[in-house]
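Novice: Before I ask anything, here is the structure I am working with.
The values are calculated or read from the model by the stated rules, or taken from the named source; none is laboratory data. Keep in mind that this is a model prediction, so the values were computed, not measured. Here the Cβ is made from the backbone with ideal geometry for all residues, glycine too, and neighbour counts use every protein chain on show. Remember, those area values only see protein heavy atoms, side chains included, never the ligands or the DNA or RNA. Shrake-Rupley method; radii C 1.70, N 1.55, O 1.52, S 1.80 Å.
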Amino acid sequence: MIILGIETSCDETSVALVENGSKVIDQMISSQIKLHSRYLGVVPELASRAHLESINWMLEQILKSVPRGKKIKAIAVTNEPGLVGSLLVGHVTAECLSYAMDLPLIEVNHLEGHVFSPFLEKKFPRFPFLSLVVSGGHTDLVLVKGIGRFNVIGRTRDDACGEAYDKVAKLLGLGYPGGPVIDKMYPNGDPDKYALPRTVMQGSLDFSFSGLKTAVLYKFRELEGKNKKGVTKKMICDLAASFQKSAVGVLVKKTLKAAEENNLKTIALGGGVSANSLLRRELKRHAAEKKLNICLPGRNYCMDNAAMIASVGYYKYKFYSKKKKKFSVYAKKGVSSSAGIKNW
Ligand code: KG4
Ligand code: ZN
């Protein structure tokens, strides 16, 4: 069963064809990083306009990849959360296409997409499992009990981890987006050079990254004050590495704690920060020590992408059609609510 996925929630326009929830026939991603980098962050109005410019030709292109003799069964589109204008471009496009092609329209929560991203081109694990979703807008520990059945058991109380990466990079003059730059610099820095806080919050699985971000700011100011010649590249490199070590340390510690407390044997990772080399390495290392199963997304499925949306679309299609429950079928019945995702 082939599902066409459409994702436009933030600064990546993406379309994909996915077969049976896992096999990616084709995927296209048009990144807007260049467009937003001069502002050191995403400008919503520019983002929605850029989606509008890309979406039609990308769809024309991807539809050529439908294998001969096969047909698209349904269209899956991100409906929340995200930038309103950007979401609207994807949703309206999907609605039109669903009407024109007479195909069901399935609305997918973007975070659900990140939860399912590690299983693209790989085996789906048994429920229940733990998912750590770390992106530019979220840092959530999610107990996944089934299709559309989630319990968020921990979340950030202030900045998301990716957001902290972006703000720290901005502060250190490293450009946007901060995550990939700091990650790349890590091997050249000394992660133990500066002692930065790790906010643990006893008795809770919640995160907090704003203290760490502020500690980087104070350390940077202190270095500026102490050094007449200014802060050197080496100092910046060490400070960025120390930040990454603290941030990843907290993510790994809380994730392992959540798995242990809930007796979960499988940990899945998703969201833009899941591309982080240190996070992947550390989670793998600890999981091996504790004999836990770890599922990491392939490099093409860490950032926002439509394959993960199509994948969730497939599972929802199967699940809700088996239960004869109603889900968004635009073509014949009009757009209904997206069953199963409201409890995120
Ligand atoms: O999931 P995503 O593409 O968009 C949202 O849904 O927010 O995540 C984007 C975030 C940005 O904050 C970016 O700095 C971060 O993911 N990111 C990384 C890495 N690659 C992207 N953070 C740390 N290390 C990376 N390698
Ligand atoms: Zn995302």
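Novice: Considering Leu63, Leu17, which residue is touching a Ser or Thr at 6+ places or on another chain (Cβ under 8 Å) and either away from ligand 1 (no atom under 16 Å from the Cβ) or of a type in the set (Lys, Arg) (or both)?
Specialist: Details: Leu63 fails: touching a Ser or Thr at 6+ places or on another chain (Cβ under 8 Å).
Criteria check complete, one pass: Leu17.
Novice: Would you be able to say whether some residue in segment 165-173 is open to solvent by less than 10 Å² (accessible area, probe 1.4 Å), more than 8 Å from ligand 1 (Cβ to nearest atom) and under 24 Å from Ser321 (Cα atoms)?
Specialist: For segment 165-173, residues open to solvent by less than 10 Å² (accessible area, probe 1.4 Å), more than 8 Å from ligand 1 (Cβ to nearest atom) and under 24 Å from Ser321 (Cα atoms): absent.
Novice: For segment 111-125, enumerate the residues that are more than 9 Å from ligand 2 (Cβ to nearest atom), surrounded by 23 or more Cβ atoms within 10 Å (Cβ to Cβ) and either aromatic (Phe, Trp, Tyr) or within 17 Å of Ile153 (Cα to Cα) (or both).
Specialist: Correct list: Glu112, Val115, Phe116.
Novice: Further question: Only one residue in Ser246, Ser242, Ser204 is in a loop (DSSP other than H, G, I, E, B), out of contact with any Cys (no Cβ under 8 Å at 6 or more places or on another chain) and not β-branched (Val, Ile, Thr). Which one? Before you say what the answer is, go through the steps one by one.
Specialist: Details: Ser246 fails: in a loop (DSSP other than H, G, I, E, B); Ser242 fails: in a loop (DSSP other than H, G, I, E, B).
On inspection, the qualifying residue turns out to be Ser204.
Novice: Specify the residue that is nearest to Phe207 (Cα to Cα); the eligible residues are those in segment 126-140 that are open to solvent by 10 Å² or more (accessible area, probe 1.4 Å) and within 12 Å of ligand 1 (Cβ to nearest atom).
Specialist: First, pick out the residues of segment 126-140 that are open to solvent by 10 Å² or more (accessible area, probe 1.4 Å): 126-128, 135-138.
From what is left, the residues that are within 12 Å of ligand 1 (Cβ to nearest atom) are 135-138.
Values: Ser135: 13, Gly136: 14, Gly137: 13, His138: 10 Å.
Result: His138.
Novice: Here's a follow-up. State which residue is farthest from ligand 2 (Cβ to nearest atom) when the search covers only segment 265-308 and only residues that are over 15 Å from the mean Cα position of the chain (by Cα) and open to solvent by less than 10 Å² (accessible area, probe 1.4 Å).
Specialist: Among those residues, the one meeting the criterion is Ala287.
Novice: Something else: May I ask you to verify whether Ser98 is touching a Leu at 6+ places or on another chain (Cβ under 7 Å), surrounded by fewer than 17 Cβ atoms within 10 Å (Cβ to Cβ) and in contact (Cβ under 8 Å) with a residue 40 or more places away in the chain?
Specialist: Working: touching a Leu at 6+ places or on another chain (Cβ under 7 Å): yes; surrounded by fewer than 17 Cβ atoms within 10 Å (Cβ to Cβ): no; in contact (Cβ under 8 Å) with a residue 40 or more places away in the chain: yes.
No.
Novice: Also, quick follow-up: Lys145: assigned to a helix (DSSP H, G or I), more than 16 Å from ligand 2 (Cβ to nearest atom) and open to solvent by 50 Å² or more (accessible area, probe 1.4 Å), yes or no? Break it down into steps so the answer makes sense when it comes.
Specialist: Values: assigned to a helix (DSSP H, G or I): no; more than 16 Å from ligand 2 (Cβ to nearest atom): yes; open to solvent by 50 Å² or more (accessible area, probe 1.4 Å): yes.
When the stated conditions are applied, Lys145 does not pass them.
Novice: OK, next. Could we say that Gly271 is in contact (Cβ under 8 Å) with a residue 60 or more places away in the chain, in contact with a helix residue (DSSP H, G or I) (Cβ under 9 Å, 6 or more places away or on another chain) and at positive phi here?
Specialist: Yes: the conditions hold for Gly271.
Novice: Pairs only if they're at least six apart or on different chains, beta carbon under 8 angstrom, first in segment 136-157 and over 16 Å from Arg126 (Cβ atoms), second among the acidic types (Asp, Glu) and in a loop (DSSP other than H, G, I, E, B); list them, first residue then second.
Specialist: Close Cβ pairs satisfying both conditions: Gly154/Asp206; Arg155/Asp206; Thr156/Asp206; Arg157/Asp206.
Novice: Name, by its number, the condition in (1) over 15 Å from the mean Cα position of the chain (by Cα); (2) modelled with pLDDT under 95; (3) open to solvent by 10 Å² or more (accessible area, probe 1.4 Å) that does not hold for Phe150.
Specialist: (3)
Novice: Could you check how many residues of segment 269-304 are at pLDDT 95 or above, basic (Lys, Arg) and within 16 Å of ligand 1 (Cβ to nearest atom)?
Specialist: Summing the residues that are at pLDDT 95 or above, basic (Lys, Arg) and within 16 Å of ligand 1 (Cβ to nearest atom) in segment 269-304 gives 3.
Novice: Oh, and also: Go through segment 67-119 and give me each residue that's more than 14 Å from the chain's Cα centre (by Cα) and part of a loop (DSSP other than H, G, I, E, B).
Specialist: First pass over segment 67-119, keeping only residues more than 14 Å from the chain's Cα centre (by Cα): 67-77, 79, 83-107.
Within segment 67-119, Pro67, Arg68, Gly69, Lys70, Lys71, Leu83, Asp102, Leu103, Pro104 meet the criteria.
Novice: Scan segment 235-264 residue by residue and report those that are farther than 21 Å from Leu143 by Cβ and either within 22 Å of the chain's Cα centre (by Cα) or small (Gly, Ala, Ser) (or both).
Specialist: We begin by selecting, within segment 235-264, every residue farther than 21 Å from Leu143 by Cβ; these are 235-249.
Selection gives Ala240, Ala241, Ser242, Phe243, Gln244, Lys245, Ser246, Ala247, Val248, Gly249.
Each row is one residue, and each column tells you yes or no for (1) without any contact (Cβ under 8 Å) to a residue 60 or more places away in the chain; (2) within 16 Å of ligand 1 (Cβ to nearest atom).
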site	(1), (2)
Ala160	yes, yes
Gly179	no, yes
Met185	yes, yes
Lys193	yes, no
